[in-house]
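Following: one structure in structure tokens, then a few remarks.
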Amino acid sequence: MLRIRAGTVFPVTAPPIEDGAVLVDANGRIAAVGPHAQVPTPPGTETREFRDGVLVPGLVKCHTHLELTHLAGQNAEYLLAQLKAFKAQERKSGQSALMWAMAAQLNDKEMDIVSKWLEKQKGGL
């Protein structure tokens, strides 16, 4: 088993957890996710701590091409407003927690750059 503690844990389907932890079982599956104090450490469990780190348990192959999604070609002002709403965790539907994690890593200038770039893309799936 493996237990990982991180400064922030962003579960894919739940709000972020400050000082969180993840327990991975012997089969490589997530056995527990939650605040550090509530995630068990069974005897013999290997532990890792990344107190300044961000952990997104369950997120696999997060490589994406945003220009191929419905975000491409949208108005830059609209996109910027949406990124800011995700960063502030004001949007709470679908995979919002995933977007919260991504938007949290961007400063205002970076959000502006991403929004303007996406506006110029043709996109479409």
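The values are calculated or read from the model by the stated rules, or taken from the named source; none is laboratory data. Fair warning: this is a prediction, and the values are worked out from it, not measured in the lab. A quick note on method: Cβ atoms are made from the backbone with ideal geometry, for glycine too, and the neighbour counts reach across all protein chains shown.
In table form, for the structure just shown:
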read-out	value
Residue within segment 37-52 that is of a type in the set (Asp, Glu) and either within 16 Å of the chain's Cα centre (by Cα) or under 27 Å from Gln105 (Cα atoms) (or both) present	yes
For Val22: the one exception among (1) surrounded by 12 or more Cβ atoms within 10 Å (Cβ to Cβ); (2) modelled with pLDDT under 95; (3) under 17 Å from Ala97 (Cβ atoms)	(2)
Selection count where residues are touching a residue at least 24 places away in the same chain (Cβ under 8 Å) and part of a strand (DSSP E or B), scope segment 35-56	10
Those residues of segment 1-19 which are surrounded by fewer than 18 Cβ atoms within 10 Å (Cβ to Cβ) and not small (Gly, Ala, Ser), in sequence order	Met1, Leu2, Val12, Thr13, Pro15, Pro16, Glu18, Asp19
Residues of segment 4-32 satisfying the condition of being over 14 Å from the mean Cα position of the chain (by Cα) and in a strand (DSSP E or B)	Ile4, Arg5, Asp19, Ala21, Val22, Leu23, Val24, Ile30, Ala31, Ala32
Verdict on Val60 being outside the structural domain of Val114 (by TED's automatic domain parsing) and either under 13 Å from the mean Cα position of the chain (by Cα) or modelled with pLDDT under 95 (or both)	yes
Selection status of Thr41, of a type in the set (S, T, N, Q) and surrounded by 13 or more Cβ atoms within 10 Å (Cβ to Cβ)	yes
Selected residue (criterion: farthest from the chain's Cα centre (by Cα)) from residues of segment 70-116 that are closer than 27 Å to Gly58 by Cα and among the aromatic types (Phe, Trp, Tyr)	Phe86
